[in-house]
């Protein structure tokens, strides 16, 4: 078995290179078809996300497997690029190293944000797409099935995926959830159009929030953002009324001074009738006067508060890395053993079948020569033949198993096939 991997990621290449090599689902289908036409014996899976493009190719016979250089040329040519312009940005791995990398990717240990859950779904989708195009096979099946198992073990046996490290995920998961048991009936207000605010509202939508209003100083921009978020745009002139209306506020404006002072908030607070207000002030400088936190039932958090939690969670994740790494190594060794068993199993089975057939033939000839033999003597002779065959086969089979455990059985396997004239 030969497994080749070429790819690029946020660790090895710039965003510009990744954008030029990225594949849409339709392009992935076309690329897999083209690859299969060129290398019909090869299994293939193509993974393309915003942070990585990886092509996995496997064949039973090394002679049929394209080289790393050939795979890089294929990827470049598909996009009309010169492979010399991209090869320096690509990493290249083979066999068990490629499998180990796949396990790290699926478990989100190679992600820009370690522990983010999206990558496993993307790995599954990449394999499902290749499966639908009928370009997978026993090696890729085994590898991607094992990758899913690794990801699940890392998620359940370590704290990595349970420690949020992005500002928006912590804002919702570690702060807002302390106040609100559910978000289905909560009213969310976004002030400004910053990326972080938009991402925070996406987390709120994932948690069930449906009543979302967007306010910016530019009404057209608010309308476009509201359309993306399935929200409602309102006029900046209605800021005070919307603050009285809201349960959660996410503020990311670029104002140079606070847009809500304590004096301005005083009458708004009276209108709220002691309802809880959760404010995430993600702006720099801050949009909300820190003194607002002194009002009853107002919970105000700034970017600094969230960054402290981010750093704490990041350190906790790093402490979990050795546990996750151990899981990857265990599963990599298990995969290697499974593959080698598949590679050597058929030859061992054929060798034993061949020996059994010879034993039966010689016993038949012996019984024909000897004539009638009592049952006890017959049983002893048959056991003696069986012990002899087993003792003769034990050294070569034990050597084959030893070589397989070290990952290099092919030369001995070929020798056994030749010596015992085994035809697979």
| message | Per-residue counts of other Cβ atoms within 10 Å, averaged by peptide: what ranking do you get for 176-189, 198-211, highest first? | response | 198-211, 176-189
| Looking at the P(r) of the chain, how many percent of alpha-carbon pairs lie beyond 39 Å? | 45
| field | Helix-derived mean residue ellipticity, 222 nm - over the chain, DSSP H n ≥ 4, -39500 (n - 2.57), to 500 | value | -18500 deg cm²/dmol
| Helix 219-228 vs. the chain, principal-axis angle (Cα, 0 to 90°, nearest 10) | 30
| How many nm is it between the label spots at residue 314 and residue 273, if each spot is 7 Å from the Cα in line with the beta carbon? | 4.4
| field | Cβ-derived FRET efficiency at R0 60 Å, residue 92 paired with residue 389, nearest 0.05 | value | 0.85
| message | Using Cα-Cα distances under 8 Å and only pairs 6 or more residues apart, what relative contact order does the chain have, in percent? | response | 12
| Where in the range 116-135 is the amide nitrogen less than 20 Å from a point lying 7 Å along the Cα-to-Cβ axis of residue 334? | 120-121, 123-124
| request: Considering only 13, 48, 235, give the residue with the highest GNM mean-square fluctuation for the chain, with springs between Cα atoms whenever their separation is below 10 Å. | output: 235
| query | On full extension of the chain, what length is gained from residue 132 through residue 221, given 0.36 nm per residue of separation minus the C-alpha to C-alpha distance? | reply | 27.9 nm
| remark: Between the Cα axis of helix 303-370 and the main Cα principal axis of the chain, the angle (0 to 90°, nearest 10) is 20
| Among 324-333, 29-38, the order from most to least packed when residues are scored by Cβ within 10 Å on average | 324-333, 29-38
| said: Once you keep just the Cα pairs under 8 angstrom separated by 6 or more residues, what percentage relative contact order results for the range 167-308? | reply: 23
| message | How much length would be gained if the chain were fully extended between residue 350 and residue 257, taking 0.36 nm per residue of separation minus their Cα-Cα distance, in nm to one decimal? | response | 25.4 nm
| message | Can you classify the range 167-308 as rounded, prolate or oblate using the Cα gyration tensor, where a ≥ b ≥ c are the square roots of its eigenvalues, rounded means a/c under 1.5, and otherwise it's prolate if a/b beats b/c and oblate if not? | response | rounded
| query | If the chain between residue 374 and residue 360 were fully stretched, how many nm would it gain, using 0.36 nm times the residue separation less the Cα-Cα distance? | reply | 3.2 nm
| Quick one: if you stick a label point 7 Å off each Cα along the C-beta vector at residue 264 and residue 291, how many nm between them? | 1.4
| field | the chain: antiparallel DSSP beta bridges as a percent of all, rounded to 5 | value | 45
| said: Angle check, please: helix 95-106 long axis (alpha carbons) against the longest principal axis of the chain (alpha carbons), in degrees 0 to 90, nearest 10. | reply: 30
| task | Kindly rank 366-375, 121-130, 262-271 from highest to lowest mean number of other beta carbons found within 10 Å of each residue. | result | 121-130, 262-271, 366-375
| request: Quickly work out the residue 64-to-residue 85 label distance, labels modelled 7 Å from Cα along the C-beta direction, and quote it in nm with one decimal. | output: 3.5
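Every number here is computed from the coordinates shown, using simple stated rules; none is lab data. What you see is a predicted model, and the numbers here were worked out from it, not measured in a lab. Every residue, glycine among them, receives a Cβ derived from its backbone with ideal geometry; neighbour counts consider all protein chains shown.
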